[in-house]
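The values are calculated or read from the model by the stated rules, or taken from the named source; none is laboratory data. All values reported here derive from a predicted model rather than from experimental measurement. Positions of Cβ are generated from backbone atoms using ideal geometry, with glycine treated the same way; all protein chains shown enter the neighbour counts.
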Amino acid sequence: MTDTPAPMSQPSPILDRHEALGAKIVEFAGWLMPIQYGGIIDEHRAVRSAAGLFDLSHMGELVIEGPDAGAALAAALITDPPALAVGRAQYAQICNEDGGIIDDLIVYRLGETRFMVVANASNARVVSDALAARIAGFQAVLDDRSLATGLVAIQGPKSGAMLQPLASVDLGAIKYYGIAEGVVAGLPALIARTGYTGEDGYEVFVDVDKTGVLWDAMLAAGRADGLVPVGLGARDTLRLEAGMPLYGNELGLDTNPYEASLGRVVKLGKPGPFVGRAALEKVSRDGVSRRLVGLMLRERGIARHGYPILVDGAPAGIVTSGTQSPTLGQAIAMAYVPTAQADPGTMVAVEIRGAPVAAEVVPLPFYKRPA
Amino acid sequence: MVPGDLRYTSDHEWVRVEGDEVVVGITQFAADQLGDVVFVELPAVGKALKAHVTFGVVESVKAVSDLFAPIGGEVVGANDALTASPELVNSDPYGAGWMLRLRPSDAAEISALLDAAAYEQVVAEG
C-alpha cells in the first residue's frame, strides 16, 4: 500500500442542487455525481412513464472547426461525419490502429465547418488528445469545451411537452438524432434530440456557469407532471434495457465494433484512410469469433458484470452488464459469447457463485418504447 | 433509531430471540445502503450454519452482498415471501422482511452479540 492520495474529483457544477435534493453522491470517472435521489427503481419507472432529469455535465464536449473539420473527423473516426447534414447527429466510435475501441461518441454537425463530439467522461481526456493528434495535418482546430459546458438531459414520453414552454424553438421540428441552436430558460443553448435511455428526449448544452439556472427551470417546468431527477444508477438500468453499450463494460480497447454487434457503424465505404481501417477491413472479411448478445435468465439469479458464460460446462464468454430489469421484472444481461452461440434462442449458462444458471440469447434491445 | 429489543452484528444483521429459536434479518441501515433489493437467496431448511459464515446473498439493482450468519445453528425456516417480494427487505426489514429462523447451537453466541446502543455506535462510526 502507498499513501498516494487519489486525484481530486471534479464536482458536478450543480452538486449543491443534488445535495439539496437528497442525492447519494459517488465518485464516477473522476467526477462527483449523483447516483440516486430516491430509489433507482422509482427513478427508472418515472423515465419510462413520464420523464426524468439528468445532470450529464461530466460528459466531454469537443468542438472541431475549420474548412477541413469534416475530413479530419473522417480520418479520425470509423464513421463518415462529412455525410451528416447540418443539424444532424450520428453514433460513432474512435478506434486505435488495431481496431480496438478507444471510446464511443456522438458526433453533431453544428455547421458546414463545425462539429461537436461528445465523449464519455472517463475517456474525455484520452479522446481529446487522440483527436488533437489525428487532426493535426488538417485545416481544423479542436476546442475542448468539456469543463466549459453544462449538460442537462430530459428523457421520457413527456419530455417534449415539459421542455417546450422553456424553449425558443419548435422542439417537434428537431428530428431524432438532430440538434438545433436556440434559447432555453433564457439561456443560449444547443438542443439535441438524443439520449441514453431508450426514450424520446432532449439534451441541452449551456455554458457551465448557467447549468444551475437551466436545471432549476427544467425541474420546475416538469415537476407537476411527474418529472423527477434521475441519477447514474437508473441511467445504467435504462440504457441496459435499451440495449445500449457502456464503455468499460461492453466496449474497450480489447473489443472491436464487429464483436460489439455494431459493424453497421463502421463506414468502410468512405473515401480515404482512417485510423483502424486495415484492422477493421480484416475483421470484416474474416468474421469474428465472439459477439455481444442479449441474455434473459431462465432460472433464478441475476447475472453481473464479469460473471463467466459457460457452454457445455466450460468457460466460453463473459457477462458485460446485468441487472434485474425494472420494466420487465426479469433478469437481463449483455454478454460476449462464441459466434456459434450468438443466435437468438440459443441456451447458454451464466456461472453465478459457482453454479450454472440457464440463460437464453435474445434479440436486443430488451425494451423498445411504444410507437 | 434501531429497535431496542434486538441484538445486532457489525455486519448489520439483527437477531430476535423467540423461545428457543431466533429470527434473523438485516437492519434498516443495511437495507438503505443497498438500495432497492431485487433478489434474495437463502439456505434450505435443515442446513447447519456456523457463526460468521456466508449463508446467502442479497442483491440490489447495483450490487451483490453476502449475508453472514450472526450465530451458529440449524435453519428451521426461511422467508419464502422474499422470492416474490424482495422489496420487503427495504420496506419492513425488522418485520415482513425477515430472512431466517434458526435453532441456535450455542446460546452463548447470542449474548455475545451487540445490543442496540452498541450497534448504533457501529452505524455512527460508519
Residue count, the stretch A:235-250 (criterion: among the aliphatic types (A, V, I, L, M), over 17 Å from A:ARG304 (Cβ atoms) and either assigned to a helix (DSSP H, G or I) or free of Cβ contacts under 8 Å to residues at least 12 places away in the same chain (or both)): 1
Residue match in the stretch A:67-84 (condition: aliphatic (A, V, I, L, M), touching a Leu at 6+ places or on another chain (Cβ under 8 Å) and under 30 Å from A:MET162 (Cα atoms)): no
Residue that is farthest from the chain's Cα centre (by Cα) [pool: residues in the stretch A:261-277 that are under 28 Å from A:VAL362 (Cα atoms) and either in a strand (DSSP E or B) or among the charged types (D, E, K, R) (or both)]: A:LYS267
Conditions (1) more than 24 Å from A:SER325 (Cα to Cα); (2) modelled with pLDDT of 95 or more; (3) surrounded by 16 or more Cβ atoms within 10 Å (Cβ to Cβ): number failed by B:ASP11: (2)
Pick from the stretch A:218-234, criterion away from chain B (no Cβ under 14 Å), in a helix (DSSP H, G or I) and touching a residue at least 40 places away in the same chain (Cβ under 8 Å), ranking: surrounded by the fewest Cβ atoms within 10 Å (Cβ to Cβ): A:ASP225
In the stretch A:294-309, the residues that are within 10 Å of another protein chain (Cβ to nearest Cβ) and among the small types (Gly, Ala, Ser): A:GLY301
All positions within the stretch A:94-143 that are farther than 30 Å from A:VAL288 by Cα and among the acidic types (Asp, Glu): A:GLU112, A:ASP143
Where A:GLU241 falls short, out of the listed (1) away from chain B (no Cβ under 14 Å); (2) more than 21 Å from A:TRP31 (Cβ to Cβ): (1)
When residues of the stretch A:1-28 are limited to those that are in a loop (DSSP other than H, G, I, E, B) and at pLDDT 95 or above, the one surrounded by the most Cβ atoms within 10 Å (Cβ to Cβ): A:SER12
Restricting the stretch A:310-337 to residues that are within 12 Å of chain B (Cβ to nearest Cβ) and of a type in the set (S, T, N, Q), the residue that is nearest to A:ARG264 (Cα to Cα): A:SER321
